[in-house]
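Heads up: the structure comes next, in structure tokens.
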Amino acid sequence: LTSCSSSMDTTMAREVQQLTGTKRWKAFLGSVLPVLVVLNLFKSAGRAKFYLNCTQNVEAGSLHKPKRLIQVMYGIAGDGDDTLHEFEVSLKSLLMSSPTDSDLTIHLLTDKAAHNAIDDIFQRTKIASWSMRNQVTIETYNLESRVAEFTDFIVSKTRTDMNYSIAKHSIANYFGLLAYKVIKPSTGFILNLDTDVIIMADLEALWKHVDESCLFQWASNGGFVLFNLNREDEIWQHIGAFKKVTSSKANGHIGDQRLMDMVNISFPEKVATLPDEWYVTLSRLKKKGRLQKLRRDGVGMMHLNGNQAVTESSFIATPQLRQKSEKDGWGLAKYYIDISWSWAKFLAESHREEGDGFPINIIHKQTSDDTSVAVSGGINEAHSPELVWIMAYPNSGTTYTLALMEQVTESSMATNYMGDVLQPIPDVPLYQDQPQGPFWRGPSVKPLPETSVLVKTHCAGYKESPAEVYDMSLSQYVRGCGRTTILNPKSKNIDGWYDPHGVHKAIHVIRSPFDNLIARFNNYLFKQDRRGKHPYGKNREGFRAFCRTRDSNFDIKYQKSKMPSSVKNLAKRTICHDNVLAYVLWHNRAFEAIDRLQLNAMQIRYEDYEDKFNTTLPKILDFLDLPKTGPPLEFFSGHHYDDYYTHEDRENVMALAKQLASERTWEVIRRYFE
């Protein structure tokens, strides 16, 4: 509130804080503000206007001075070990040097092979679990379907056969010059990096040198270029106007750097030069001496300029990195090469302020190659009907609740998961401006309701490893509530995401932990059966064998966890301890997420469908503000599995649940132990 409170009475600043913490502050302003003015709480009409402007800024999310957004991009093609190793090192250095006071977005423009390989890197390094000082977002673009289009475009502008050039350096070398066709133009300046570049300083220092008047800034090296994305098409206009695009190489190669060279030579007033600390390449050091002579007071980056005719990573093949004396200063770069991802995470997270920090968002942007996603067909951008989450630990009754609401309202519900059990498969984005979900099945099945639509979400913390579930932050859980699954028939499914802060209501479903655990077991068997596998019998003996497997290697699973010994001792003697842990912690975080997002929420029990159906259904309809127009769907309670557990099992589950549960979680689950 700094920007408003500096010009307002302390009392009024406090009042703004109170109002903006509720969902009814705009209504309050409309009815009470005139009274406040009459009562002379504002010293002038101008002060009242300022107050209104401040509250409008709150609505726009800009009460504080907005953070600068620093944007970086890589062009990557293929899944060769050399390129991927370089990318890993470069990305690691970038995250370790992430801006202190700015948000960071990293755009990865790739072909299909690189897109799949990079996703494997994300899974292995677990960077989505990092908690950063500021928001870091990684956006990937699979441009496989546009390679032919881009090649034709380059040929049309250069009037040159580019087959040799593209084969030599791959189409990814030109992605930087074509980024304006992929990334939204309002991005402004964006730093294009080669994969063999190491970042060694806060990029905010580089952004201080941005020249708004130029098309791009560089040091005659295409591996480190600041592009003005809003004007990148002008570069191609100039290239297209040249009588002939010629090569400086005997073999006729025309790379991206050659194209920029020609623009630089012909229009020097439209190109700016980077300062020396942001122009450190191995080739330049060879010409001008060692690093210490070039910059005694430090550098912001190092580019290995890997043009050697080698088939391994420049970070492995470069002799300077193998010298024990490291006289050229490249030992500094070697630090980023050798440091482990776990240590890099520790160092990056050490810069964050108090609190959970910001999880790294990984968003797979949709392209025309992703035919599994219908990016058209969504409803209007006014975001109506309103999203209402049905938040439930898996196998707690979400599928039945969705089916029930569809039948009694004769309208469609929605889900975060395109591969859901709903049939036909929900593959139409609910909103036109949110192609990554949630999804519904389209108007050909049933129309959408007018007021609100239920959306299935399991959030996070139910399928990760037990240690990860225990150590998960609330921010990671909240982000998981907006995570979506997008079917991709050409390869493995893609994770999508939408902002959870756009949701304002939720139904939180609770089920007996004992029945929920058996339902999870049965779901596991169902999935195994579809694969032709039958590891356990669908009975008491099969369940207990399943749990013995889950409970094995306990100490190895938790050796790096922050779990205290008191919890470990209880978990060790609890049947299917990992599912019990996940169940209780999931509901703890559900209550916390409801508070953090200020959701209007109601709780229902799965058992209410069996015991109190005639009162539960009207409550849900009233909460959703939906009419009952069709007959209800019959509820089949199924089997209760008391005989699957011994008395000791139940006592141990209760002890662990009571130890882990928050006050609110225990309040709603304690009945299952009585």
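The values are calculated or read from the model by the stated rules, or taken from the named source; none is laboratory data. Please read all numbers here as calculations on a predicted model, not as lab measurements. With ideal geometry, Cβ positions are generated from the backbone for all residues, glycine too; neighbour counts draw on all protein chains shown. Accessible surface areas use protein heavy atoms only, side chains included; no ligands, DNA or RNA. Shrake-Rupley method; radii C 1.70, N 1.55, O 1.52, S 1.80 Å.
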- Taking the stated definitions as given, is G442 closer than 30 Å to Y558 by Cα and either in contact with a Ser or Thr (Cβ under 9 Å, 6 or more places away or on another chain) or open to solvent by 10 Å² or more (accessible area, probe 1.4 Å) (or both)? no
- Message: Return the residues of region 314-350 that are in contact with a strand residue (DSSP E or B) (Cβ under 8 Å, 6 or more places away or on another chain) and either at pLDDT below 65 or open to solvent by 70 Å² or more (accessible area, probe 1.4 Å) (or both); say none if nothing qualifies.
- Response: W330, L332
- Message: Contact list please: Cβ distance under 9 Å, first residue in region 652-674 and more than 14 Å from N579 (Cβ to Cβ) and without any contact (Cβ under 8 Å) to a residue 12 or more places away in the chain, second residue open to solvent by 40 Å² or more (accessible area, probe 1.4 Å) and not in a helix (DSSP H, G or I), pairs at least six apart or on different chains.
- Response: R671/R605
- Query: Any idea which of (1) under 18 Å from W586 (Cα atoms); (2) crowded, with 18+ Cβ neighbours inside 10 Å is the one I494 doesn't satisfy?
  - Reply: (1)
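Can you work out which of the residues in region 431-457 that are among the polar types (S, T, N, Q) and part of a strand (DSSP E or B) is nearest to the chain's Cα centre (by Cα)? Give the steps one after another, and end with the answer.
Step one: filter region 431-457 for residues among the polar types (S, T, N, Q), giving 432, 434, 436, 444, 451-452, 457.
Then keep just the ones that are part of a strand (DSSP E or B); that gives 452, 457.
Details: S452: 26, T457: 16 Å.
Residue satisfying both the conditions and the ranking: T457.
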- Message: Condition first: in a loop (DSSP other than H, G, I, E, B), under 20 Å from M132 (Cα atoms) and either charged (D, E, K, R) or modelled with pLDDT of 95 or more (or both). Now tell me which residues in region 92-117 satisfy that.
- Response: D101
- Task: State all residues of region 416-439 that are open to solvent by 10 Å² or more (accessible area, probe 1.4 Å) and either at positive phi or modelled with pLDDT of 90 or more (or both); if no residue qualifies, say none.
- Result: Y417
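Among the strands (runs of 3 or more DSSP E) lying completely within region 197-277, list those that include at least 2 residues that are over 22 Å from Y174 (Cβ atoms).
On the way: elements: 197-199, 216-218, 224-228, 271-273.
Filter on region 197-277 gives 197-199.
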- Within region 596-613, is even one residue surrounded by fewer than 20 Cβ atoms within 10 Å (Cβ to Cβ), in contact (Cβ under 8 Å) with a residue 60 or more places away in the chain, touching a helix residue (DSSP H, G or I) at 6+ places or on another chain (Cβ under 7 Å) and more than 24 Å from D515 (Cα to Cα)? yes
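Which residues, taken from region 118-128, are open to solvent by 40 Å² or more (accessible area, probe 1.4 Å) and either at pLDDT 90 or above or in a helix (DSSP H, G or I) (or both)?
From region 118-128, those open to solvent by 40 Å² or more (accessible area, probe 1.4 Å) are 120, 123-124, 126, 128; that's our starting set.
Of everything in region 118-128, those that are open to solvent by 40 Å² or more (accessible area, probe 1.4 Å) and either at pLDDT 90 or above or in a helix (DSSP H, G or I) (or both) turn out to be D120, Q123, R124, A128.
How about region 463-490: which of its residues are in a loop (DSSP other than H, G, I, E, B) and open to solvent by 40 Å² or more (accessible area, probe 1.4 Å)?
As a first pass, look at region 463-490 and keep what is in a loop (DSSP other than H, G, I, E, B): 463-465, 472-473, 482, 487-490.
Once the filter is applied, which keeps residues that are in a loop (DSSP other than H, G, I, E, B) and open to solvent by 40 Å² or more (accessible area, probe 1.4 Å), region 463-490 yields K463, E464, S465, L487, P489, K490.
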- Note on the structure: Of the residues in region 129-154 that are among the hydrophobic types (A, V, I, L, M, F, W, C) and assigned to a loop (DSSP other than H, G, I, E, B), the one that is surrounded by the most Cβ atoms within 10 Å (Cβ to Cβ) is L143
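State the number of residues belonging to region 68-82 that are closer than 17 Å to H107 by Cβ and of a type outside the set (F, W, Y). First the steps, then the outcome.
Residues of region 68-82 closer than 17 Å to H107 by Cβ: 68-77.
Checking which are of a type outside the set (F, W, Y) leaves us with 68-73, 75-77.
Selection size over region 68-82: 9.
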- Message: Return the pair list, or none, for Cβ contacts closer than 6 Å from residues in region 259-273 that are under 11 Å from Q217 (Cβ atoms) and among the β-branched types (V, I, T) to residues that are in a helix (DSSP H, G or I) and open to solvent by 10 Å² or more (accessible area, probe 1.4 Å), at least 6 apart or on different chains.
- Response: V271/N264
